[in-house]
Amino acid sequence: MQLNQIIRPDVLAMTAYKVVECPEDCLKLDAMESPYEYSDEMRAELAKQLAHTPIHLYPTPKAQGLPQMLRERVGIVEQADIVLGAGSDELIRLLTMLTGQPGSTMLTLEPSFVMYRVNAEFFGMKYVGVPLNEDFSLNLTAVLEAITTHQPQLIFIAYPNNPTGVPFAKTDVEQIIAAAPGLVVIDEAYGAFSSHTFLPEAGLSEKLVVLRTLSKIGFAGLRVGYAVGHPQVMHELRKVTPPYNMNQLSLTAAKFALQYPQFIDEHINKQKSERERMRTMLKTWSQVQVFPSEANFITMRVPDAQALWQAMLDHNILIKNLHGVHPLLEQCVRITVSKPEQNQLVLGVMQQLYGTQS
Ligand SMILES: *Cc1c(COP(=O)(O)O)cnc(C)c1O
């Protein structure tokens, strides 16, 4: 069999999203996972609930009541409808499928989450990436001009942005939504770490879809994300969603997680205060340019990103080297904020490389 006669040429030409395998006992700070795990008592309780999950049955549309729980816990307005996804990654794909056809256009900001562009290509959409300013703030004039020129069916805005962490002014994003002729998806994967959100507005306008996920707040392994939007748009989104995309074990574990909001909130608050402590420490090195962050990671520009990445790996710490990902990310790295003692290890490696802080 000749694969190149069977498989789409654009797929053959693609490189797969690279998930880096961490060496044994490595401190994994490349993917914004939470460092916090359940106590033995909580694990035992979760195990009991998992044992009673009906895995012989498909999940039902009510999804064990998870959407209803999210509505109450997260504060989703009554007018809004919720669609669950196997991570917000699946919802990004489904929203692209919903609007993507030859001749339609996706607009995003650059640099941002790479999966937007990947999905645009999968569904044959024209892709327009509007560069951010050099300080990673939003170039509103450029975005509004691009909207006028390209009339995109779909806009993705990561809010706060990944891989930069920099927040955008809410009023700027509101202007983008007002100017957009189609759907605007506000991807709030890091919403829990920010003081701004579009959740209260979700459901009020057909244009606005807000994406949220449990991944960055402690449960990346569950693969549970959700889209919140206008009922008519969510109705269409359901048509392209596989009927049983969620799995019973994840639904049970997600409901369990939401029953202990204090576990989640405590760790979010710890990561937020560690983020600020880290940023203050990092700024004392004159060689390091630290960007603002409203997420659970810090992006910074260093003299040699590859050298820092390697020095971290030599100490069994995996960070993300962003150099080469986009021209604006020259010599940048991204580091997940972790527990205080682990963050100290990061600072220790940097001290070896850059000397004692001034
Ligand atoms: C991590 C991330 C996602 C993917 O989240 P999952 O729910 O784990 O699929 C989506 N958007 C952005 C901006 C992210 O950083």
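So which residues in the range 298-319 are touching a Leu at 6+ places or on another chain (Cβ under 8 Å) and part of a strand (DSSP E or B), if there are any at all? Break it down into steps so the answer makes sense when it comes.
Start the filter on the range 298-319 by keeping residues that are touching a Leu at 6+ places or on another chain (Cβ under 8 Å), which leaves 298-300, 302, 305, 307-308, 311-312, 315-319.
The answer is Ile298, Thr299, Met300, Ile317, Leu318.
Mind checking which pairs have a first residue in the range 18-32 that is at negative phi and a second that is among the small types (Gly, Ala, Ser) and away from the ligand (no atom under 15 Å from the Cβ), Cβ under 8 Å, 6 or more apart or different chains?
Going by the 8 Å Cβ cut-off, the qualifying pairs are Leu27/Ser338; Leu29/Ser338.
Those residues that are within 12 Å of the ligand (Cβ to nearest atom) and buried (at least 16 other Cβ atoms within 10 Å of the Cβ), I need them from the range 219-250; list them, please. Steps first, please.
Our first condition is that a residue be within 12 Å of the ligand (Cβ to nearest atom); within the range 219-250, this holds for 219-227, 250.
Listed by number, the residues that qualify are Phe219, Ala220, Leu222, Arg223, Val224, Gly225, Tyr226, Ala227, Ser250.
Do we have Met246 as in contact with a strand residue (DSSP E or B) (Cβ under 8 Å, 6 or more places away or on another chain), farther than 21 Å from Tyr159 by Cβ and in the same structural domain as Arg71 (by TED's automatic domain parsing) here? If you could, list the steps in order and put the result at the bottom.
Working: in contact with a strand residue (DSSP E or B) (Cβ under 8 Å, 6 or more places away or on another chain): yes; farther than 21 Å from Tyr159 by Cβ: yes; in the same structural domain as Arg71 (by TED's automatic domain parsing): yes.
Taking the combined requirement at face value, the residue satisfies it.
Go through (1) at negative phi; (2) surrounded by fewer than 13 Cβ atoms within 10 Å (Cβ to Cβ); (3) assigned by TED's automatic domain parsing to the domain that holds Thr213; (4) not acidic (Asp, Glu) and name the single condition Arg71 misses.
(2)
So, in the range 141-182, of the ones that are in contact (Cβ under 8 Å) with a residue 24 or more places away in the chain and among the small types (Gly, Ala, Ser), which residue ends up nearest to Val233 (Cα to Cα)?
Taking the range 141-182 first, the residues in contact (Cβ under 8 Å) with a residue 24 or more places away in the chain are 143-144, 146-148, 150-170, 172-173, 175-177, 179-182.
Checking the rest, the ones that are also among the small types (Gly, Ala, Ser) come to 146, 158, 165, 169, 179-180, 182.
Values: Ala146: 24, Ala158: 20, Gly165: 29, Ala169: 26, Ala179: 18, Ala180: 16, Gly182: 11 Å.
Per the stated criteria, the residue is Gly182.
Among the numbered criteria (1) loosely packed, with under 10 Cβ neighbours inside 10 Å; (2) outside any helix (DSSP H, G or I), which one does Cys22 miss?
(1)
Which one is surrounded by the fewest Cβ atoms within 10 Å (Cβ to Cβ) among residues in the range 101-126 that are part of a strand (DSSP E or B) and within 16 Å of the ligand (Cβ to nearest atom)?
If we filter the range 101-126 for residues that are part of a strand (DSSP E or B), which is where we start, we get 105-110, 126.
Now drop any that are not within 16 Å of the ligand (Cβ to nearest atom), which leaves 106-110.
Numbers: Met106: 28, Leu107: 28, Thr108: 24, Leu109: 26, Glu110: 18.
Selected residue: Glu110.
Only residues that are of a type in the set (Val, Ile, Thr) and under 10 Å from the mean Cα position of the chain (by Cα): list them for the range 196-216, please.
Of all residues in the range 196-216, those of a type in the set (Val, Ile, Thr) come to 197, 209-210, 213.
Of everything in the range 196-216, just one residue is of a type in the set (Val, Ile, Thr) and under 10 Å from the mean Cα position of the chain (by Cα), namely Thr213.
Among the residues of the range 72-106, which ones are within 17 Å of Leu208 (Cβ to Cβ) and at pLDDT below 95?
Val74, Gly75, Ile76, Val77, Glu78, Gln79, listed by residue number.
Take the residues in the range 157-175 that are away from the ligand (no atom under 16 Å from the Cβ) and within 22 Å of Leu329 (Cβ to Cβ); name whichever of them is surrounded by the most Cβ atoms within 10 Å (Cβ to Cβ).
Here is the first cut: in the range 157-175, the residues away from the ligand (no atom under 16 Å from the Cβ) are 169-172, 174-175.
Retained after the next criterion (residues that are within 22 Å of Leu329 (Cβ to Cβ)): 169, 172.
Details: Ala169: 12, Asp172: 16.
The extreme case among them is Asp172.
Tell me whether the range 4-13 contains one or more residues that are in a helix (DSSP H, G or I), polar (S, T, N, Q) and exposed (fewer than 10 other Cβ atoms within 10 Å of the Cβ).
yes
Residues are listed down the side, and each one gets a yes or a no for (1) assigned to a loop (DSSP other than H, G, I, E, B); (2) within 27 Å of Leu57 (Cα to Cα):
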| position | (1), (2) |
| --- | --- |
| Arg238 | no, yes |
| Ala257 | no, yes |
| Ser273 | no, no |
| Glu276 | no, no |
| Ala295 | yes, no |
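Kindly establish whether Thr141 is surrounded by fewer than 20 Cβ atoms within 10 Å (Cβ to Cβ), β-branched (Val, Ile, Thr) and more than 13 Å from the ligand (Cβ to nearest atom).
On the way: surrounded by fewer than 20 Cβ atoms within 10 Å (Cβ to Cβ): yes; β-branched (Val, Ile, Thr): yes; more than 13 Å from the ligand (Cβ to nearest atom): yes.
So Thr141 passes the test.
From (1) crowded, with 16+ Cβ neighbours inside 10 Å; (2) more than 16 Å from the ligand (Cβ to nearest atom), pick out the condition that doesn't hold for Val77.
All conditions pass for Val77, except number (1).
Need the failing condition index for Thr280 against (1) surrounded by 13 or more Cβ atoms within 10 Å (Cβ to Cβ); (2) farther than 21 Å from Gly225 by Cα, just the number.
If we test Thr280 against (1) surrounded by 13 or more Cβ atoms within 10 Å (Cβ to Cβ); (2) farther than 21 Å from Gly225 by Cα, just (1) comes out false.
Counting only residues that are buried (at least 22 other Cβ atoms within 10 Å of the Cβ) and in contact with a Gly (Cβ under 7 Å, 6 or more places away or on another chain), which one in the range 290-324 is nearest to Thr164 (Cα to Cα)?
Thr299
Across the range 46-100, what is the total count of residues that are in a loop (DSSP other than H, G, I, E, B) and in contact with a Lys or Arg (Cβ under 6 Å, 6 or more places away or on another chain)?
Our first condition is that a residue be in a loop (DSSP other than H, G, I, E, B); within the range 46-100, this holds for 52-62, 76-80, 86, 100.
Filter once more, keeping what is in contact with a Lys or Arg (Cβ under 6 Å, 6 or more places away or on another chain): 86.
Here the count works out to 1.
The values are calculated or read from the model by the stated rules, or taken from the named source; none is laboratory data. Just so you know, these numbers come straight off a predicted model, no measurement behind them. All Cβ positions, glycine included, derive from the backbone under ideal geometry; neighbour counts span all protein chains shown.
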